[in-house]
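Down below is the structure, laid out as structure tokens.
The values are calculated or read from the model by the stated rules, or taken from the named source; none is laboratory data. Note that the coordinates shown come from a computational prediction; the quantities given were computed from them, not determined experimentally. Glycine also receives a Cβ, built like all others from the backbone with ideal geometry; neighbour counts cover every protein chain displayed.
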Amino acid sequence: MKHLATLLLAAAACLAVPAAAQDINYAASETLRLPQDTFFGAVAGVATNSKGHVFVYSRTGTPVATLGGARPFVRGGSVLTEFDENGKYIRSVGKNLYGALAAAAVRVDRNDNVWIVDAYSGMVIKFDPQLRIKLMLGRKPESVDVPATPNMGRAAAGGAPASGMQADLFEGPTDVAWDNDGNIFVADGTGNARVAKFTRDGVFVKSWGSRGTVDGQFKTAHSIAVDAAGNVYVADRGNNRIQVFDNNGSFKNSITAAGNAQAICISPGVHQYLYASNSNPVNDIDAGGEIYKLELNGTVTGKFGRAGLQLREFNGVNAIDCRTANELYLAEMGAWRVQKISLH
């Protein structure tokens, strides 16, 4: 009887194995070719356009500060680099650019406009497909004071912890996404802990979120994506979940099956998938590291990879590009590289 009970428990355990235990077969390669003696530095973001061109936003050096009036002006430190569909280097922009200080993310919208998100300048910058600047969110005019308690978790008007200002002023933005109508959603995620919504023309609409652990709060609103129905997905790094909201910021549900998600991406098409990286902590390159493939309801369909520095291993994945459901690009802060992933 004891032996039978053991067998029954073992069978039940097998039935309870989550889909996350199913490994996805995959191949990895480093296809992007930089000029000789040039290196990415810490790669914060990667994105592709409709032609297959790849854009990489990386931290390449130390920002330089100069005094000007009431506060210092800082430039340099990050570069946006474009490659063609075969990985051949095309150009780099951002050197000595005021808004390119500490790369946080790069995304490409449906019209092939390229957007960079910069943590230190607190700006989100839109470039057209020819990489000419078209829109800037978060630019602080010289007459506007920086909030009196930066990074201390208080809104400027005495609101909830890290709820930010109800305006186009960010403190540590981390990512950007759009819905089908072109509305812009910014994860204002490190100094603040909120999501800010704008019209397609950059007019501020509203924001939601604050520092905390309950539904609708974030420890770090680190990565953001929007599905075809307009629902907003936010990787709540530190709270080990992805929170889902409707288009106006009302909480819908949490997805907790992908570990401590740092980077997320939703594939296009009729059947959309959610990809999430259980990125390893910066102080332990051997922990976590796997990438999860999920249905939009949070059901895990599989996973691949592990932490490490070799090919097919991942170190500090900060961004995922999934323009196609089975071909991904991963940006690694820790390994200073971009890997192209083909799922089988």
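Summary table below
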{"read-out": "Number of positions in region 175-191 that are modelled with pLDDT of 95 or more, more than 12 Å from the chain's Cα centre (by Cα) and over 13 Å from Gly249 (Cβ atoms)", "value": "5"}
{"read-out": "Selection count, region 192-218, where residues are surrounded by fewer than 24 Cβ atoms within 10 Å (Cβ to Cβ), within 18 Å of the chain's Cα centre (by Cα) and in a loop (DSSP other than H, G, I, E, B)", "value": "1"}
{"read-out": "Qualifying residue in region 246-254 (condition: crowded, with 17+ Cβ neighbours inside 10 Å, out of contact with any helix residue (DSSP H, G or I) (no Cβ under 9 Å at 6 or more places or on another chain) and closer than 20 Å to Asp321 by Cα)", "value": "no"}
{"read-out": "Residue that is surrounded by the fewest Cβ atoms within 10 Å (Cβ to Cβ), among those in region 273-328 that are part of a loop (DSSP other than H, G, I, E, B) and among the hydroxyl-bearing types (Ser, Thr, Tyr)", "value": "Thr299"}
{"read-out": "Out of Ile255, Ile291, sole residue that is within 29 Å of Arg33 (Cα to Cα), within 19 Å of the chain's Cα centre (by Cα) and at pLDDT 95 or above", "value": "Ile291"}
{"read-out": "Which numbered condition Ile24 misses (of (1) within 29 Å of Thr324 (Cβ to Cβ); (2) at pLDDT below 95)", "value": "(2)"}
{"read-out": "Residue pairs meeting the criteria (Cβ under 7 Å; at least 6 apart or on separate chains; first part of a loop (DSSP other than H, G, I, E, B), in region 116-145; second at pLDDT 95 or above and basic (Lys, Arg))", "value": "Asp128/Lys134"}
{"read-out": "Residue satisfying all of: in region 259-272; closer than 27 Å to Glu313 by Cα and more than 15 Å from the chain's Cα centre (by Cα); surrounded by the fewest Cβ atoms within 10 Å (Cβ to Cβ) among these", "value": "Pro268"}
{"read-out": "Failed item in (1) farther than 24 Å from Val56 by Cβ; (2) in a strand (DSSP E or B); (3) in contact (Cβ under 8 Å) with a residue 40 or more places away in the chain, with Lys252 passing the rest", "value": "(3)"}
{"read-out": "Residue, surrounded by the most Cβ atoms within 10 Å (Cβ to Cβ), within region 77-98, restricted to residues that are at pLDDT 75 or above and closer than 19 Å to Gly122 by Cβ", "value": "Ser78"}
{"read-out": "Per-region count, region 221-244, residues assigned to a strand (DSSP E or B) and surrounded by fewer than 22 Cβ atoms within 10 Å (Cβ to Cβ)", "value": "2"}
{"read-out": "Close pairs (8 angstrom Cβ cut-off, 6 or more residues apart or separate chains): assigned to a loop (DSSP other than H, G, I, E, B) and surrounded by fewer than 22 Cβ atoms within 10 Å (Cβ to Cβ) in region 159-178, of a type in the set (S, T, N, Q) and modelled with pLDDT of 85 or more anywhere", "value": "Gly159/Ser210; Ala160/Ser210; Pro161/Ser210; Gln166/Ser207"}
{"read-out": "Filter pass, His222 being under 12 Å from the mean Cα position of the chain (by Cα) and of a type outside the set (S, T, N, Q)", "value": "yes"}
